[in-house]
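Working notes, beginning with the structure itself.
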Amino acid sequence: MKTALLIASGAFAAALAVAAVSAPVQAKTMKECAAQWQEMKTNNQTEGMKYRDFSKKCMSEGAPAADNPPPPKPEAAAPPAAGGNAVFPSAVSSKYSSESAGKARFNTCLDQYHANKNNGGNGGMKWIQKGGGYYSECNKRLKGAA
């Protein structure tokens with residue numbers, strides 16, 4: 001009888017342990033999530049995450065622990081080379097002389113950009129892109145030439 005009781009109590013304890021491991025993580029309250037967000041923000045561990053996204057995740061499935069910072073982001077691609085083999089106009093086009101200086105530079109650069117598109121003379125740059133695109137580089141060069 002004692003053996004059967006010991007076996008039954010052991011099986012019950014094992015079942016409780018399995019249930020405890022597989023129990024769902026209880027969602028946190030808004031107050032708990034706000035406190036955790038402030039801690040992560042203080043330690044610069046938000047990694048660009050917005051509070052709204054964090055709080056949704058925190059309250060629905062539990063948030064990542066503040067002690068474990070998220071993995072570092074992969075290094076961003078280097079900004080494009082400043083017109084490696086791109087062709088730029090050397091001066092503002094005379095056909096835009098009636099426009100303001102900025103508008104004349106813009107239109108001159110745009111004309112050259114479209115001409116370059118046909119022959120591959122943009123050096124792989126887009127018109128506007130992060131880190132400086134064709135327009136940014138062309139505008140700098142025309143300002144320096146004026």
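Throughout, read-outs are computed from the coordinates displayed, never taken from laboratory work. This structure is a prediction, so every number in the text was calculated from the model and none was measured. Ideal geometry is used to build each Cβ from the backbone, glycine not excepted, and the neighbour counts take in all protein chains shown.
Output the pairs from Lys50/Lys140; Lys103/Lys126; Lys95/Lys126; Lys95/Lys140; Lys31/Lys130 with a Cα-Cα distance over 30 Å in this structure; if there are none, say none.
Lys50/Lys140; Lys31/Lys130
Taking the Cβ of Lys50 as the center, what net charge do the other residues with Cβ under 15 Å away carry, scoring Lys and Arg +1 and Asp and Glu -1?
Neighbourhood net charge equals +2.
Give me the number: length gained by fully extending Ser90 to Asn44, i.e. 0.36 nm times residue separation minus the C-alpha to C-alpha distance, one decimal in nm.
Here the answer is 12.0 nm.
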